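Visitor: Here it is, the structure, as structure tokens.
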Amino acid sequence: MSYPRPLTPEESLADAKKRLSLPRIVAICGSTRFMAEMAEADLWETEAGKIVVKPGCDLKSPHELWSDPVEAEALKVRLDDLHRAKIRLADDVLVVGDYIGDSTRAEIGYARSLGKPVRFTHPEVDPGA
């Protein structure tokens with residue numbers, strides 16, 4: 001007698017999203033120098049009926065939450081973890097901007113390691129092309 005194998009966490013998430021009739025979820029990635037472009041991409045993706053998740057903080061812009069360098073470094077670690085969670089949640093990833101830095105390159109690699117489709121506003125910067 002054969003028993004069905006348990007679903008992986010990824011399969012369980014996909015099944016739950018399907019049963020909840022959730023729209024596709026897109027994670028926007030890119031350098032925080034492109035925050036305005038990310039906001040514009042958010043508009044277009046939202047208009048297309050998708051749920052959008054993207055960076056919520058620009059640590060390069062002054063703010064009291066990250067004015068202390070030690071706190072800022074700890075926050076960056078937490079935000080990187082949070083963004084990887086957004087990528088895991090997403091159905092696909094949209095990379096915004098014409099520059100790919102180390103953090104964005106790592107996010108692209110992470111998304112691809114999970115089998116997530118990755119799109120680019122500037123396909124010429126795709127490190128995998």
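The values are calculated or read from the model by the stated rules, or taken from the named source; none is laboratory data. Keep in mind it's a predicted model, so treat the numbers as computed, not measured. Here the Cβ is made from the backbone with ideal geometry for all residues, glycine too, and neighbour counts use every protein chain on show. All accessible areas refer to the heavy atoms of the entire protein, side chains included, with ligands and DNA or RNA removed. Shrake-Rupley method; radii C 1.70, N 1.55, O 1.52, S 1.80 Å.
Visitor: Taking the Cα centre of the chain as origin and charging only Cβ (+1 Lys, Arg; -1 Asp, Glu), how large is the dipole, in debye to the nearest 20?
Guide: Working: 18 positive and 22 negative charges, 133 e Å.
With Lys and Arg at +1 and Asp and Glu at -1, about 640 debye.
Visitor: Right, here's the next one. Need one value: the accessible area of Val95 in square angstrom, 1.4 angstrom probe, rounded to the nearest 10.
Guide: About 0 Å², rounded to the nearest 10.
Visitor: Determine the equivalent ellipsoid of the chain by diagonalising the alpha-carbon gyration tensor, then write out the semi-axes as square roots of 5 times the eigenvalues, largest first, rounded to whole Å. Intermediate results must be reported in sequence, preceding the final value.
Guide: Working: eigenvalues 160, 67, 46 Å².
One finds semi-axes of 28, 18, 15 Å for the chain.
Visitor: Separate question: Using alpha-carbon pairs under 8 Å, 6+ residues apart, how would you state the relative contact order of region 13-129 in percent?
Guide: Values: 140 pairs, mean separation 36.6, N = 117.
After rounding, I find 31 percent.
Visitor: Here's something else I'd like to know. Helix 69-89 sits at what angle to the longest principal axis of the chain, using alpha carbons and giving 0 to 90 degrees rounded to 10?
Guide: The angle comes out near 30 degrees.
Visitor: Share of the chain's accessible area from carbon and sulfur, percent, 1.4 Å? The partial results should precede the final answer.
Guide: On the way: 4930 of 8420 Å².
Exposed carbon and sulfur together represent 59 percent of the surface.
Visitor: If you fit an axis through the alpha-carbon atoms of helix 9-19 and take the longest principal axis of the Cα set of the chain, what angle between them do you get, 0 to 90°, nearest 10?
Guide: In the chain, helix 9-19 runs at an angle near 80 degrees to the longest axis.
Visitor: Find the accessible area per residue for region 14-107; the probe is 1.4 Å, ligands and nucleic acids are left out, and the unit is Å². Mind dumping the intermediate values first?
Guide: Working: 5710 Å² over 94 residues.
For region 14-107, the solvent-accessible area averages 61 Å² per residue.
Visitor: Leaving ligands, DNA and RNA out of it, work out the accessible area of Ser2 with a 1.4 Å probe and give it in Å² to the nearest 10.
Guide: Accessible area of Ser2: about 100 Å².
Visitor: Could you rank Arg119, Arg105, Arg33 by how accessible they are, 1.4 Å probe, largest area first? Provide the component values of the computation, followed by the final result.
Guide: Numbers: Arg119 85, Arg105 115, Arg33 140 Å².
Of Arg119, Arg105, Arg33, the descending order of accessible area is Arg33, Arg105, Arg119.
Visitor: Using a 1.4 angstrom probe with every protein chain in place, what is the largest-first accessible-area order of Lys60, Lys17? Walk me through the numbers before you get to the answer.
Guide: Values: Lys60 150, Lys17 25 Å².
Listed by decreasing accessible area, they come as Lys60, Lys17.
Visitor: Continuing with this model, one more query. Relative to the first principal axis of the alpha-carbon coordinates of the chain, what is the inclination of helix 102-113, with its axis defined by its Cα atoms, in degrees from 0 to 90 and to the nearest 10?
Guide: The two axes meet at around 0 degrees.
Visitor: Quick one: order His122, His83 from most to least accessible surface, probe 1.4 Å.
Guide: Numbers: His122 65, His83 10 Å².
Reading off the accessible areas and sorting them downward yields His122, His83.
Visitor: With 23 Å as the limit, write out which pairs from Lys17/Lys76; Lys54/Lys116; Lys18/Lys76; Lys60/Lys86; Lys17/Lys60 have Cα-Cα distances beyond it, or answer none.
Guide: On the way: Lys17/Lys76 29 Å; Lys54/Lys116 16 Å; Lys18/Lys76 32 Å; Lys60/Lys86 21 Å; Lys17/Lys60 34 Å.
Pairs exceeding the cut-off: Lys17/Lys76; Lys18/Lys76; Lys17/Lys60.
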